[in-house]
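Below is one structure, written out as structure tokens; comments come after it.
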């Protein structure tokens, strides 16, 4: 009995009026986000005066479709990988002139815009 109580979460279901403003609230306890949203939809179906619903757990809005949340997380992960690959590809071209690497590479003087005296004599 104590174990199931520990797994229950408290959700607030905010019912929206025709102008998309909060008009009423009801507190439900469910085991996960999906169950909370299903319960909120059941309550909404029983109250035709309201046009929509938002479900919140503490300060976090519960997404209606958790598969969209998963998709957005996946896209964000791919964007981070892509940014890392771009950084790895183009970071060597952006080395500052004062770094040790740029001083030791051949051809650095031309790339960094420095001219040494010997190259001017030739």
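The values are calculated or read from the model by the stated rules, or taken from the named source; none is laboratory data. Just so it is clear, the structure is predicted and the values come from calculations on it, not from any experiment. Heads up, the Cβs are rebuilt from the backbone with ideal geometry, glycines too, and the neighbour counts pull from every protein chain shown.
State the number of residues belonging to segment 32-50 that are closer than 16 Å to residue 61 by Cα and surrounded by fewer than 16 Cβ atoms within 10 Å (Cβ to Cβ). Before you say what the answer is, go through the steps one by one.
Pass one, segment 32-50, residues closer than 16 Å to residue 61 by Cα: 32-41.
Narrowing the set further to residues that are surrounded by fewer than 16 Cβ atoms within 10 Å (Cβ to Cβ) leaves 32, 34-35, 38, 41.
Residues that pass the stated criteria total 5.
Quick one: would you say residue 47 is modelled with pLDDT of 75 or more and over 26 Å from the mean Cα position of the chain (by Cα)? Show your work before the answer.
On the way: modelled with pLDDT of 75 or more: yes; over 26 Å from the mean Cα position of the chain (by Cα): yes.
In short, yes.
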Could you figure out which of (1) more than 25 Å from the chain's Cα centre (by Cα); (2) loosely packed, with under 12 Cβ neighbours inside 10 Å isn't true of residue 26?
-> (2)
Select from segment 21-34 the residues that are within 9 Å of residue 11 (Cβ to Cβ) and in a helix (DSSP H, G or I) and list them in ascending order.
-> 33
